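Novice: Sending over a structure as structure tokens; questions will come in a sec.
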Amino acid sequence: MRVFPWLVGLIALLAVFIDIPKHQLSFPFNCPGICLRIGDFSFNQEIKTHLGLDLQGGTQLILRLKTEALPAGTNVSLTDLNVQARRVIDRRINGLGVSEPVLQQLGDDKILLELPGVSDIQQAQDIATRQAFLEFKVPDKDKPGTFKSLEPPLTGANLKPTFVSFSGSVANRPVINFEFGAPDDARWVQLSKDYLRQQVQITLDGREISAPQITTEFTSGRGIIEGGNFTTQSARDLSLLLNSGALPVPMEIIQSTRVEPTLGRDSVNRSLVAGAVGLLLVAVFMILYYRLPGVIAVLALIYYTALTYALFRLIPVTLTLAGVAGFILSIGMAVDANVLTFERLKEELRAGKSLRVAVEEGRKRAFPSIFYSNLSTILTAAILFQFGSGTVKGFALTLGVGVAVSFFTAVVVTQMLLRGAIEITSLRKRPLYGVEERAMEPVRASAPAGAI
């Protein structure tokens with residue numbers, strides 16, 4: 001058990017280290033954040049605070065599904081189209097690395113999209129509305145100089161994940177490498193035989209992006225897309241669009257809003273001030289009312305705050321105003337657990353028990369209340385996270401993580417500090433625990449010898 005305090009102290013040091021902003025931890029070499037490579041296994045986690053749209057700014061879009069552009073006879077329900085469209089947009093956003101976007105349905109034919117940190121509205125609109133319908137066309141013999149679709153059309157619906165390389169006909173020109181899955185791979189090989197030494201056209205959303213000449217017969221479903229005006233960024237964007245798939249229906253922007261980061265900074269500053277004032281008031285109350293246990297509670301609260309924030313940076317949790325509210329609420333839960341413990345401790349001391357016995361009995365009697373109150377809060381947070389969306393999920397996640405950590409600090413850290421305090425002779429005085437000293441019982445004189 002002597003190792004346990006050292007373990008708690010080590011966790012505290014690691015938490016403080018992770019909380020330090022703008023630091024880099026490379027393990028083993030040249031990797032931002034925490035990077036671990038053992039054989040084929042690799043782990044890379046960047047350490048930073050992720051802020052939501054309301055704190056760091058970004059872009060908010062409301063999209064509408066253009067169902068009137070669907071071909072006649074389409075029998076897919078509007079709800080299914082909305083689900084498919086959100087899946088495609090979600091894959092595109094994840095490919096960009098945007099942290100914690102909000103993507104939710106508004107009615108049957110509308111989608112709300114929030115992109116934290118994306119201040120370029122045009123980029124956001126391209127991500128959301130590019131249909132990304134890729135098609136390979138062949139020369140039309142009836143109309144020389146034009147191209148026509150195959151029957152059935154050869155599209156990008158069956159492509160494996162694409163990637164960008166620099167192996168084009170022109171030096172240092174980016175190209176997109178693709179590969180068809182079955183059965184389109186066989187069609188691609190046959191196309192090279194049927195149209196050898198002829199041009200084929202590659203179109204994206206009806207616009208030509210490349211018209212290469214087939215010079216050899218293909219032996220597999222692989223190929224490259226080489227555009228004359230490709231830049232590294234445009235090639236990566238196109239590869240991302242192809243990997244995410246085509247939208248099932250054209251989309252249009254009916255509302256776009258840019259949230260300025262200045263509003264977010266003001267919100268962060270106000271939240272920090274509110275949190276600091278709240279912590280200070282709680283600390284003053286605990287110390288004045290509970291005395292030495294109150295000081296221990298404040299130390300445990302500082303430990304809790306450092307550990308919780310470190311977990312937020314590691315998981316990572318995207319902090320929104322609602323998430324900050326959940327974090328502050330969990331601080332209240334941490335204080336509540338200490339209040340239960342200390343009240344039980346005072347009851348045991350007033351009953352005449354020694355400090356060691358009172359600390360142990362107080363822990364045992366307070367534990368069920370602490371456990372069930374924290375469990376009920378965590379279950380509520382889990383339900384909110386499962387069935388909520390957007391900011392509700394952020395609130396539930398920060399609340400759940402915070403309450404779990406507060407349970408650990410109240411049951412483990414606070415008790416460890418209490419046991420350590422009562423081992424110090426000068427800290428064993430009952431008034432330090434909010435209880436008056438017991439009056440000494442008078443010593444009765446013994447009766448004289450021989451008296452009846």
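Novice: Wholly within segment 101-205, which strands (runs of 3 or more DSSP E) include no fewer than the required count, namely at least 3 residues that are under 30 Å from residue 387 (Cα atoms)?
Specialist: 102-106, 110-116
Novice: Evaluate segment 215-224: report whether one residue or more is surrounded by 15 or more Cβ atoms within 10 Å (Cβ to Cβ) and in a helix (DSSP H, G or I).
Specialist: no
Novice: A further question on this structure: Taking residue 385 as the residue in question, decide whether it is modelled with pLDDT of 85 or more, among the aromatic types (Phe, Trp, Tyr) and either part of a loop (DSSP other than H, G, I, E, B) or more than 30 Å from residue 53 (Cα to Cα) (or both).
Specialist: Taking the combined requirement at face value, the residue does not satisfy it.
Novice: Looking only at segment 126-165, filter to residues that are within 46 Å of the chain's Cα centre (by Cα) and among the β-branched types (Val, Ile, Thr); which one of those is surrounded by the fewest Cβ atoms within 10 Å (Cβ to Cβ)?
Specialist: Checking each candidate, the answer is 155.
Novice: I'd like to check something: does segment 181-202 contain any residue that is exposed (fewer than 15 other Cβ atoms within 10 Å of the Cβ) and within 37 Å of the chain's Cα centre (by Cα)?
Specialist: The answer is yes; a qualifying residue exists.
Novice: Looking at 420, 434, which one is at pLDDT 85 or above, under 30 Å from residue 298 (Cα atoms) and small (Gly, Ala, Ser)?
Specialist: After ruling out the rest, the residue left standing is 420.
Novice: For segment 388-407, enumerate the residues that are part of a loop (DSSP other than H, G, I, E, B) and buried (at least 18 other Cβ atoms within 10 Å of the Cβ).
Specialist: Answer for segment 388-407, where residues must be part of a loop (DSSP other than H, G, I, E, B) and buried (at least 18 other Cβ atoms within 10 Å of the Cβ): just 390.
Okay, residues lined up against (1) touching a Lys or Arg at 6+ places or on another chain (Cβ under 9 Å); (2) at pLDDT 80 or above; (3) not polar (S, T, N, Q):
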| residue | (1), (2), (3) |
| --- | --- |
| 39 | no, no, yes |
| 58 | yes, yes, yes |
| 83 | no, yes, yes |
| 87 | no, yes, yes |
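Novice: Something else: Can you work out which of the residues in segment 249-265 that are modelled with pLDDT of 85 or more and in contact with a helix residue (DSSP H, G or I) (Cβ under 8 Å, 6 or more places away or on another chain) is surrounded by the most Cβ atoms within 10 Å (Cβ to Cβ)?
Specialist: 251
Novice: Taking segment 99-125 as the region of interest, how many residues are in contact (Cβ under 8 Å) with a residue 40 or more places away in the chain and loosely packed, with under 15 Cβ neighbours inside 10 Å?
Specialist: Residues meeting the conditions: 3.
Novice: Here is a check on your reading of the model: is residue 88 in the same structural domain as residue 234 (by TED's automatic domain parsing) and of a type in the set (A, V, I, L, M, F, W, C)?
Specialist: no
Novice: Looking at 344, 356, 313 in this structure, which one is assigned by TED's automatic domain parsing to the domain that holds residue 295, surrounded by fewer than 17 Cβ atoms within 10 Å (Cβ to Cβ) and touching a residue at least 12 places away in the same chain (Cβ under 8 Å)?
Specialist: Answer to the selection: 356.
The values are calculated or read from the model by the stated rules, or taken from the named source; none is laboratory data. Fair warning: this is a prediction, and the values are worked out from it, not measured in the lab. Cβ atoms come from the backbone with ideal geometry, glycine included; neighbour counts cover every protein chain shown.
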